[in-house]
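One structure is given here, and the rest of the page talks about it.
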């Protein structure tokens with residue numbers, strides 16, 4: 001609970017508690033106990049971050065103050081003081097609820113961004129993995145093709161018959177043989 005909310009709650013509680021020490025009661029004792037109970041409920045809900053519940057409880061407190069004024073259990077001065085304090089607390093609750101909603105929206109946006117970043121990283125990793133697999137497949141296919149080509153060349157060389165026109169050249173009979181004069 002923020003210091004301002006706490007101060008506003010304490011203000012309302014102080015106003016309510018101060019009624020018991022007045023010479024001329026400007027707040028009925030039973031009404032004071034009911035209002036104190038409502039103030040405590042608003043304070044607890046606010047401290048727990050349940051701002052919607054605190055707002056509803058504050059509305060109930062406001063109705064209780066209105067009822068006290070109309071039934072004569074609450075003086076005009078006390079009514080004005082309590083109404084002003086309730087208005088202050090209502091303003092603080094609205095500000096706190098807005099801040100909480102903004103914080104939740106920011107947290108959701110951060111979570112969405114983190115999820116998007118994780119998805120991008122996953123997609124990048126998968127693309128890299130697919131590219132590596134495709135490269136490995138291409139390398140294997142090239143190695144297979146080279147091996148098959150080498151085997152085909154070897155087989156072709158082994159199966160090739162000597163060309164009849166390409167026999168070892170014979171030295172014509174009238175040619176001099178090397179090493180003889």
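Under conditions of 37 °C and 0.692 mPa s, segment 25-84 yields 282 µm² s⁻¹ as its translational diffusion coefficient, taking Rh as the Kirkwood radius over Cα pairs in the Stokes-Einstein equation. Take the Cβ atoms of residue 83 and residue 109, set R0 to 45 Å, and the FRET efficiency comes out at 0.70. Taking the number of Cβ atoms within 10 Å of each Cβ as an exposure proxy, the fewest-first ranking of 46, 98, 75 is 98, 75, 46.
As a proxy for reagent exposure, 81, 91 were ordered by neighbouring Cβ count within 10 angstrom, fewest first; the result is 91, 81. By other beta-carbon atoms within 10 Å, ranking 71, 83, 96 with the fewest at the front produces 71, 83, 96.
We did not get these values from a lab; they are worked out from the coordinates using the rules stated. Worth saying up front: this structure is predicted, and the values here are computed from it rather than measured. So basically every Cβ, Gly included, is an ideal-geometry build from the backbone, and we count neighbours across all protein chains shown.
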